[in-house]
């Protein structure tokens, strides 16, 4: 039980930055959009920016996006010849500021009429993809699209680099930008500590016992929170950031604990001789978690101070990962009976209010679902044959996007 539970959850992935539209319904009525480079000095960077914007505008889902590259004068009101059929033009002009940053002028045209124009300043040119995300967010807001606050957030993941060595990495949701923030040991289960994304929790396996630390991203200052034999994981954080759900195993078997940051007190939530892990706060005050009470992983709920436990999931077996948002759960379910190979692990969305279940993925092995903080999207890991990807599901629009990976082995992901 000591450390092997952590290694069982590592998964092999491969890397890339181009978005692929996996599931699309009802796109026939969308207007065509083309993206054009209006920079005075065309470069590899300005040309790559078209791909970044195309990926983001596909995810925005208000247009059918022409991803072909074209350059034309920024102030022109007509499209490049190759884009003459486009009703909408998204045109940009990038300029290096000479100090490691960049300025961007952006406009959206509809049949030659300016709908949107804005100037942006980027202090670090290596974060250019976040500029693309911000532009997509602003255009979506201007045109009244469904909320996409999550598109600008950083993703946090842990990757295994060598035996007993791993790194904690901050990234954008496409994994185009990556910055290592913790390295030099064995780490697991990193999670943002607040919505501002300036603090994070993570588990260190380099200590004598698995230990949960809190770290400030700007200063790098680390604060020890708690240690436990066998397992120590922060699986969820209350909306106000004052309470944590931890999985601890002080007596050899993991259980769920509620940890109060103000009082430094922990309260045992489950007391079971088997395995209880991955506690999640629910909107009705209950706590969802994964347990092997039926001999295989399934999803249950309970309340602090109660010994009553209720089964929540009746779809498939091996429901070993989940995420919650208010009264919704997204969970993994095995939908085949193969012992070792050929299994399909799909994600399902459960409404606790109605009891309705909606399957979100259709094939392959889909795991580690995470709701965005606003509940509008789900991040997950997908593996299908030799292809491995990060996926983003906009379940309100019945759309899913995948981003191929090549970053070693991922253990956990959060945003």
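Fewest first, what order do 348, 133 take by the number of other Cβ atoms within 10 Å? Intermediate results must be reported in sequence, preceding the final value.
Numbers: 348 22, 133 25.
Lowest to highest Cβ neighbour count: 348, 133.
Share of antiparallel DSSP beta bridges in the chain, in percent to the nearest 5? All intermediate terms of the calculation are to be shown ahead of the outcome.
Numbers: 116 of 127 bridges.
In the chain, approximately 90 percent of DSSP beta bridges are antiparallel ones.
Among 249-257, 304-312, how do they line up from the highest to the lowest mean number of other beta-carbon atoms within 10 Å?
Details: 249-257: 19.6, 304-312: 11.9.
Top of the packing list down: 249-257, 304-312.
Given a cut-off of under 8 Å on Cα pairs at least six residues apart, what relative contact order in percent is computed for the stretch 28-149? Provide the component values of the computation, followed by the final result.
Values: 222 pairs, mean separation 31.2, N = 122.
Reported as a whole number, the value is 26 percent.
Run through the DSSP bridge list for the stretch 28-149 and note the antiparallel percent, rounded to the nearest 5. Spell out each step's value before the answer.
Values: 18 of 28 bridges.
Of those bridges, close to 65 percent are antiparallel.
State, as an integer percentage, the relative contact order of the stretch 33-78 based on alpha-carbon contacts under 8 Å between residues 6 or more apart. Walk me through the numbers before you get to the answer.
Numbers: 50 pairs, mean separation 25.6, N = 46.
Relative contact order here is 56 percent.
Run lengths n ≥ 4 of DSSP H only: what is the helix-derived mean residue ellipticity at 222 nm for the chain, with -39500 (n - 2.57) per run over all residues, to the nearest 500? Spell out each step's value before the answer.
Working: 3 runs with 36 residues, N = 415.
It comes out at -2500 deg cm²/dmol, rounded to the nearest 500.
What shape does the stretch 28-149 take by its C-alpha gyration tensor, where a ≥ b ≥ c are the square roots of the eigenvalues and a/c under 1.5 counts as rounded, a/b above b/c as prolate, and the rest as oblate? Don't skip to the answer; put the middle values down first.
On the way: a/c = 1.75, a/b = 1.26, b/c = 1.39.
Oblate is the answer for the stretch 28-149, as a/c is 1.5 or above yet b/c matches or exceeds a/b.
Can you give me the angle between helix 44-60 and the longest principal axis of the chain, using Cα atoms only, in degrees from 0 to 90, rounded to the nearest 10?
Compared with the principal axis, the helix lies near 60 degrees.
Hey, in the GNM for the chain with a 10 angstrom Cα cutoff, which one of 146, 193, 136 fluctuates hardest?
146
What do you get for the angle between helix 128-142 and the principal long axis of the chain? Use alpha-carbon atoms, 0 to 90 degrees, nearest ten.
Rounded to the nearest ten degrees, it is 80.
Sorted from largest down, what three extents in whole angstroms do the Cα atoms of the chain have along their principal axes?
Taking the Cα atoms of the chain, the three principal extents are 70, 45, 38 Å.
For the chain, modelled as a GNM with alpha-carbon contacts under 10 angstrom, which of 292, 198, 346 fluctuates the most?
198
Return a whole-number percent for the relative contact order of the chain, with Cα pairs under 8 Å and 6 or more residues apart as the contact set. List each step's numbers first, then the result.
Details: 1029 pairs, mean separation 62.0, N = 415.
Worked out over the chain, it gives 15 percent.
Any read-out appearing in this document is the output of simple, stated calculations on the displayed coordinates, not a laboratory observation. Keep in mind it's a predicted model, so treat the numbers as computed, not measured. Cβ coordinates were reconstructed from backbone atoms using ideal geometry, including for glycine residues, and neighbour counts include every protein chain displayed.
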